[in-house]
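Rule-based calculations on the coordinates, nothing more; no lab input. Keep in mind that this is a model prediction, so the values were computed, not measured. With ideal geometry, Cβ positions are generated from the backbone for all residues, glycine too; neighbour counts draw on all protein chains shown.
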Amino acid sequence: MKFIALIVSILTGYVVQHYLLGGAPAAYASILISYHLLLAFLVASMDWSEGFSVPLQPAIAIHSLFLAFLVGFAAAGNNIPAFGLLSLLVPALAFLEVEWVFRTAGKKEVSKVAPVLPNYATREDYGEFLVYLKQDDRPFSQPGRSVKEEYGYWLANRKRAGSGMKSGQPSAH
């Protein structure tokens, strides 16, 4: 459906540029109308449960920057080779703007929740965990995992394997 909307916006830009207006207004109107037509479709058809990935003011700033680029692109039309063809492809930038403003918030990967920290952790356990943190290769460290979660995994592994483990090395289980 998005591909059809892209084709419709490109054809709308073509009609505005070649049949409805002439000169510089044709370039500006073609680019701005076709871009906003696709942008409106994408925003109207998106799943709003993910929400904005940025607050409202930066979202307005991002859209303003896209508009400034589009107006600058249209103004430089006489100096750009194959401007007629490139101006028809401008609506595809709407996909990028929608991705930046709306989509990235819902795509954050949720890490596994660390085991609940047991109430039997001692000061010695914590001291050995601090020694473990100084290691170059920490087996319980993963991207997106907090140090508290890492401590939970380290401690659970230590208690499961017995207190004779040194520096939190994972058990061979």
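Counting neighbouring Cβ atoms within 10 Å and putting the fewest first, the residues LEU39, LEU93 line up as LEU93, LEU39. Converting phi to 3J(HN,Hα) with the Karplus coefficients 6.51, -1.76 and 1.60 and the offset θ = phi - 60°, the range 4-10 yields 5, 4, 5, 4, 5, 5, 5 Hz in sequence order, with x at every glycine or proline. Using the Karplus relation 6.51 cos²θ - 1.76 cosθ + 1.60 with θ = phi - 60°, the per-residue 3J(HN,Hα) values for the range 13-25 come to x, 5, 5, 4, 5, 9, 10, 9, 10, x, x, 5, x Hz, with x marking Gly and Pro.
Take the Cβ atoms of LEU11 and PHE69, set R0 to 22 Å, and the FRET efficiency comes out at 0.50.
If you bin all the Cα-Cα distances of the range 2-107 at 10 Å, starting from zero, the percentages per bin are 15, 44, 29, 11, 1.
Using a Förster distance of 45 Å, how high is the FRET efficiency between HIS18 and LEU56, based on the Cβ-Cβ distance and rounded to 0.05? Step by step, r from the Cβ atoms, then E = 0.75. Our coupling estimate for the range 139-150, obtained by passing each phi through the Karplus curve with A = 6.51, B = -1.76, C = 1.60 and θ = phi - 60°, is x, 9, 8, 9, x, x, 9, 6, 5, 5, 5, 4 Hz, Gly and Pro reported as x.
If the chain linking PHE3 and ILE80 were pulled fully straight, counting 0.36 nm for each residue of separation and taking away their Cα-Cα distance, it would gain 25.1 nm.
Exposure proxy for TYR19, TYR153: other Cβ atoms within 10 Å of each Cβ, ordered fewest to most, give TYR19, TYR153.
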